[in-house]
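The values are calculated or read from the model by the stated rules, or taken from the named source; none is laboratory data. Please read all numbers here as calculations on a predicted model, not as lab measurements. Every residue, glycine as well, gets a Cβ built from its backbone with ideal geometry; the counts of neighbours run over all protein chains shown.
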C-alpha cells in the first residue's frame, strides 16, 4: 500500500492539473458562448433566431460525440496546438473542446434564469446592452453560474478519466492500467476513493460559494 | 415645449406645458402578445399627478411600455419633457432616459446589489463620476428615510422599504417625470398610505411630475389631480379627478367605481394641491 502512495499522489496531481486548466478555459469560453446563446435566445435580451440556431448547432456537435472518440478525432488539432498528442497538456485540448459547449449550455440556463423584467427595468435606467450584460445579467446570475461551474468541474473529472487514451495520466488512467489491466484491486479502489473525495470537495465548495453569493 | 393648449375630444383644455404628451398612440400585437392600443391621447401637465385607470387587459401595461419606450408604437407620438421619444433608439434614447424615472410594479431591484448600489446604478450607467455618486446616493437614501439600510440587500427589507429603494433609484438621475406602475397594489393599507404620502412629497417637494398607471381607483382618487380612463385600448374619459370620480360620464368608469365598492355618487377626497400652483420645477 505504501509503495502505491507516490503513484497515487502523482496521478491525483495530474487529474487536478488537467481539470483545473480545462475548467478555467471552459469557464472563459463557456461564458462567452453561453452569454451569446442566452442573449440571442427567444427569451433573451436581443432575440435572434439565426445566430442562436447557429451557436446551438455548433455547441451540439461536440456534445454529441462521445468523449473518447472526440479525443481521437481531435488528435491532429491537439498536435498542432500543443506540439504533441501525448501527455497531460495534450489531454487539455479535447477536455476544453468537449467541455466548452457543455459549459455554454449551463451558462445559458443560468442567465435565462434572471428575470427578463429586471433587464428591461435596467434598460429604462439608461443601460446599454453591454452594460446590461456586465452590470446586471452576469452579476445577478452569479449564484446560478457558480452552481453551473460546479457541475462542469465534476463533469471534467469524469472526462479526464478518459485522458489516459492519450497518455494524459491521472486517476482514471491509473485505475484502468494498474487497477483493471494488472488486477490491482487496491489501486482501483484507491483511485475511486480519491475521485469520490474530489467530487465531494468540489460539490461542497460550490454549494457554499453559491449560497454565500445568493442574496435573494 | 409641446402640447400647449391642445383641444381634445373632451371639453378640457390644458394650458400648462405637458410633461408627457401622447397623441394617437397605436400599438397592435400578434394575438395574445399583449393588449392593443388604439389612438390613445394623453397629456400630463408639468407638476401634475396624473392617473391612468383601467381594468386588466385595458392596455395599461402596453401604454406604460410604449411611454417607457420598451415597445415601439405602430403609430402616434410620444413627447417626454419636450423631446420627441416616438422613434428614438439606441444611444439617443439612452441619453434621454434620465428625464423620466420609472418604478415598476415588481420593483425589479437587483438582488446582487446593496440598497446603496441599487440607487447608484442609474448614475453609474449614465457615466456620473464616482465621486459624485456617493453623496447623491446618501442624499436620496436620507430623503426616503432608508439611510441606515444602505449596506443591506433588498431581500432583507420590508415591502415598503423596497418600494422606497425603487423610488430612490428612479429619482437618482433627477428626472422631471416619474412613471409609476401600480405603485400601491399588493401593499398593506399602512404601507399604501406611506407610499401615497411619498409620491405627494416627490411632487410637492421635488417638483417631479408623476404619471401613475393603476387599476387601484381608491389610490388614484386619493392622490391624482387628473385621470384618464382606459378601456379596450381606447381612452374613454379624461379630465380632472374630481369630475371623473363624481360625475363619471361613461359606463366603463361607472363600472370601475362600482368595483371599488363606492358608487359614482360618493365624493372622493381629491388632492387639493394643483399643478398650476407649483409652477415649473
Is it fair to say residue A:104 is closer than 30 Å to residue B:108 by Cα, away from chain B (no Cβ under 14 Å) and surrounded by 22 or more Cβ atoms within 10 Å (Cβ to Cβ)? yes
Just to be sure before I move on: is residue B:119 within 11 Å of another protein chain (Cβ to nearest Cβ), surrounded by fewer than 17 Cβ atoms within 10 Å (Cβ to Cβ) and without any contact (Cβ under 8 Å) to a residue 60 or more places away in the chain in the structure I sent? no
Would you call residue A:97 modelled with pLDDT under 90 and either more than 30 Å from residue B:105 (Cα to Cα) or out of contact with any helix residue (DSSP H, G or I) (no Cβ under 6 Å at 6 or more places or on another chain) (or both)? no
By residue number, the members of region A:110-121 that are buried (at least 23 other Cβ atoms within 10 Å of the Cβ) and within 11 Å of chain B (Cβ to nearest Cβ) are A:121
Within region A:46-63, considering residues that are under 12 Å from residue A:105 (Cβ atoms) and modelled with pLDDT under 85, the one surrounded by the most Cβ atoms within 10 Å (Cβ to Cβ): A:62
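Just to confirm my filter: which strands (runs of 3 or more DSSP E) fall fully inside region B:180-259 and include at least 2 residues that are surrounded by fewer than 19 Cβ atoms within 10 Å (Cβ to Cβ) and touching a residue at least 24 places away in the same chain (Cβ under 8 Å)?
Filter on region B:180-259 gives B:234-240.
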I'd like the full set of residues that are at pLDDT 80 or above and touching a helix residue (DSSP H, G or I) at 6+ places or on another chain (Cβ under 7 Å), limited to region B:3-21. B:20
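Scanning region A:83-94 for residues that are within 13 Å of residue A:18 (Cβ to Cβ) and touching a helix residue (DSSP H, G or I) at 6+ places or on another chain (Cβ under 6 Å), which turns out surrounded by the fewest Cβ atoms within 10 Å (Cβ to Cβ)?
Here the residue is A:89.
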Among (1) surrounded by fewer than 21 Cβ atoms within 10 Å (Cβ to Cβ); (2) at pLDDT below 90, where does residue A:80 come up short? (2)
Restrict the check to region B:140-155 and report whether at least one residue is within 8 Å of chain A (Cβ to nearest Cβ), touching a residue at least 40 places away in the same chain (Cβ under 8 Å) and over 23 Å from the mean Cα position of the chain (by Cα). yes
Looking at residue A:90, is it farther than 18 Å from residue A:164 by Cβ and touching a residue at least 12 places away in the same chain (Cβ under 8 Å)? no
What is the number of the single condition among (1) within 10 Å of chain A (Cβ to nearest Cβ); (2) under 19 Å from residue A:124 (Cβ atoms) that residue B:114 does not meet? (2)
If you go through region B:72-109, how many residues are crowded, with 21+ Cβ neighbours inside 10 Å and at the interface with chain A (Cβ under 10 Å from one of its Cβ atoms)? 9
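So that you can scan it fast, the table gives a plain yes or no per residue for (1) surrounded by 22 or more Cβ atoms within 10 Å (Cβ to Cβ); (2) over 18 Å from the mean Cα position of the chain (by Cα); (3) within 13 Å of another protein chain (Cβ to nearest Cβ):
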residue	(1), (2), (3)
A:108	yes, no, no
A:128	no, yes, yes
A:135	no, yes, yes
A:142	no, no, yes
A:162	yes, no, no
A:167	no, yes, no
A:174	yes, yes, no
A:177	no, yes, no
A:190	yes, yes, no
The one condition residue A:153 fails out of (1) more than 8 Å from chain B (Cβ to nearest Cβ); (2) touching a strand residue (DSSP E or B) at 6+ places or on another chain (Cβ under 8 Å) is (2)
All positions within region A:192-216 that are within 14 Å of chain B (Cβ to nearest Cβ), without any contact (Cβ under 8 Å) to a residue 60 or more places away in the chain and surrounded by 17 or more Cβ atoms within 10 Å (Cβ to Cβ): A:215
Flag if residue B:169 is modelled with pLDDT of 95 or more, within 14 Å of chain A (Cβ to nearest Cβ) and in contact with a helix residue (DSSP H, G or I) (Cβ under 6 Å, 6 or more places away or on another chain): yes
Odd one out for residue A:123, checked against (1) in contact (Cβ under 8 Å) with a residue 40 or more places away in the chain; (2) closer than 30 Å to residue B:71 by Cα: (1)
Any chance residue A:185 is touching a helix residue (DSSP H, G or I) at 6+ places or on another chain (Cβ under 8 Å) and surrounded by fewer than 17 Cβ atoms within 10 Å (Cβ to Cβ): yes
Residues being surrounded by fewer than 19 Cβ atoms within 10 Å (Cβ to Cβ) and either away from every other protein chain (no Cβ under 14 Å) or assigned to a strand (DSSP E or B) (or both) - total across region B:47-71: 3
